[in-house]
1. At R0 = 35 Å, how high is the FRET efficiency between residue 365 and residue 188 if r is their beta carbon distance? Nearest 0.05 is fine.
2. With every protein chain present, what accessible area does residue 701 have (1.4 Å probe, heavy atoms only), rounded to the nearest 10 Å²?
3. Give, in nm to one decimal, the length gained when the segment between residue 418 and residue 457 is fully stretched (0.36 nm per residue of separation minus the Cα-Cα distance).
4. Report the local net charge at residue 409: Lys and Arg +1, Asp and Glu -1, summed over other residues whose C-beta lies under 9 Å from its C-beta.
5. Using a 1.4 angstrom probe on the protein heavy atoms only, could you order 333, 659 from most to least accessible area?
6. Which residue, 719, 278, 694, has the largest displacement toward the positive end of the dipole of the chain when charges sit on each Cβ (Lys, Arg +1; Asp, Glu -1)?
7. Over region 585-686, with every protein chain in place, what whole percent of the accessible area is carbon and sulfur at 1.4 Å, could you tell me?
8. About the Cα centre of the chain, what is the dipole size in debye to 20, counting +1 per Lys and Arg Cβ and -1 per Asp and Glu Cβ, all else neutral?
Amino acid sequence: MGDKAHTHPGAAGRAQAADRPTSVRNVVLVGHSGSGKTTLVEALALTAGAVNRAGRVEDGGTVSDHDEIEHRQQRSVQLSLVPVEWNGIKVNLLDTPGYADFVGELRAGLRAADAALFVVSAADGVDGSTRMVWDECAAVGMPRAIVVTHLEAARADFEEMTRVCAETFGGDDPDAVLPLYLPLRGPEGPDGHAPVTGLIGLLTRKLFDYSSGERVANEPVGDQVPLIEEARGRLIEGIISESEDETLMDRYLGGEDVDVRTLIDDAERAVARGVFFPVLAAAPAAPGARQGLGTVELLDLITGGFPTPLEHGTPQVTTLDGRPRELKPCDPDAPLVAEVVKTSSDPYVGRLSLVRVFSGTLRADQTVHVSGHGLTDRGHEDHDVDERVGALSTPFGKVQRPVSHVIAGDLACVAKLSRAETGDTLSSKDDPLVMEPWEMPDPLLPQAIEAHSKADEDKLSQGLSRLVAEDPTMRLEQNQDTHQVVLWCLGEAHADVALERLRSRYGVQVDVVPHRVSLRETFGGRASGRGRHVKQSGGHGQFAICEIEVEPLPNGSGIEFVDKVVGGAVPRQFVPSVEKGIRAQARKGVAAGHPVVDVRVTLLDGKAHSVDSSDAAFQTAGALALREAAADAKIHLLEPVAEVSVLVGDDYVGTVMSDLSGRRGRVLGTEQSPGGRTLIRAEVPEIEIGRYAVDLRSLSHGTARFSRRYVRHEPMPPQVAERVKGEARAAS
């Protein structure tokens, strides 16, 4: 944090496997799309020397296909890792997408990291989704710092942005969010804008000038001195108030000039404990320059202030039968426990897994136990298998540099784990263990898809299974009612990327078709039907007649069949045939092609022929009887209703409730939640919320979340039902 001596590039960029947990820092970069995270990672790597000959991090990392998908979308769509080395410390920079559709990648990055760097644009400010991630980090005590980017923008105001950050992130203690440096602006240009050329260190009272492309330390002069003192005094008080040394505040207020080294050490401890959140500034290097503004200061903060993996507790670990297992935190000699935080497919090396080792040491060519993550409800296969680890490597752009082992606390890429999926646990085959999975958002946007051609149909199942293996935020559904293949995603961009990967990686072209909800049909009152199936065409004919009565039953009753035939009008051996035919017709529907439910069908009478009656004939007669009964009855369409829970900021409660009412929703109640938010519960027909994941994001400016669960089927309003029946008739 201060004016440190630095071991500069040369070997710095060759960040290999770490030799001890204390020499590792795992940092996730968080911020909205366009805040400058990837540019900042490249600037940090440039300063640390982790660059290619062109002076850039080649494609910004790996276990990420920075391919045509990202170029086409003009944004990051997945987690990427860039390891660099600074002052003998390996820094694993985890760059996450900022767009809400890829929050699963963000959560994977949070799982793999020990600290978070929040990237805020001086031009755009702090958005609601970034605030929510900050709250998540606060809930688990993750250390955080803030870096302000886009200082070159005409409307950039660092001082105002630090005030906004203190107000937004500081909560009840805005003095816990304070700048460590103030930007120094050069002369105004022809456009009236004064560029930022350096930083003033508030603790060291040093000026760091980046105008030459190199960081040069000087003493402040003239009117620069007054800029420091007021901000410095507030910073010192903020640091001391969080100090573990309770005498320090009294000594400072008593006029003692506290040693700068003491202040820096205290600040670093407060950052590592997650009670002080420094604000820094950064800008990419000018063309040809070696260091971006603020990058040295940021690397100093990461290596000096952010915690080592030893200070990050291991997530809960159990044996395969669920018994808790206590492990010493981050011990390279302890039993192996590692987790797959990202899975990707490479056309040359096959499946590639990004792994965080939490305990023990992972070695190349080692046989490990792979424990599945239990996401069977999302179309993922649950599994417990032994697999041999392929090559281990650490990324450098698109190049994988081989390593022989990875110790607890470090991250690396593992090749050719054919069964391991994102979220799986790797452990010793002789001592298999399972880590508690991290929370994943539910995919709530359905995309019904069909193979484009017969050739695509042959490859579709395998392509989809590989897709969901890589991304646990997707859910694959084979809907038995609508006979549709449905890929549930987090949003439109997420779905777009998924279908593009199907095409480009797995050679499967699909068409998106309208998603159908699982409707039902039922009888609105009593009805009678006569099924007559009599045919004579030489030899044995077909003869079966049955008479039935249908009456509605309460919701959830299914189909009840009652036999009231007397006198053997329908021979005993053919009564099950009638029932079978009725149930088969009920599955096909009687009005709009949806299954019939909640009725009692009573067989009253019938006729048979000693020669021409058969099982098949009475099945046909039963189906005909149900169809005739339906022709003279009022058939209700039943639609699925979901209970929707929406967590939204208080400012948007009225807008969201009005929108739910417009979707034929019934609000059940509201309750206050922490952080100025309200939980709204409502029952809404599922047919009205197919695109709610997209619409809610627009209504709340990305600050709301919702969940849904099926509760029941209930009658659809007549005007809606008639439209659906009309569409069914037109389709047939």
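1. 0.05
2. 130
3. Length gained, residue 418 through residue 457: 11.7 nm.
4. 0
5. Highest to lowest solvent-accessible surface, that is 333, 659.
6. Positive-most Cα among the choices belongs to 719.
7. Of all accessible area on region 585-686, carbon and sulfur atoms account for 47 percent.
8. Details: 78 positive and 108 negative charges, 624 e Å.
I would put it at about 3000 debye.
The values are calculated or read from the model by the stated rules, or taken from the named source; none is laboratory data. Fair warning: this is a prediction, and the values are worked out from it, not measured in the lab. In this analysis, Cβ positions are derived from the backbone assuming ideal geometry, glycine residues included, and neighbour counts consider all displayed protein chains. Please note that ligands, DNA and RNA were not included when accessible areas were found on the heavy atoms of the full protein model with its side chains. Shrake-Rupley method; radii C 1.70, N 1.55, O 1.52, S 1.80 Å.
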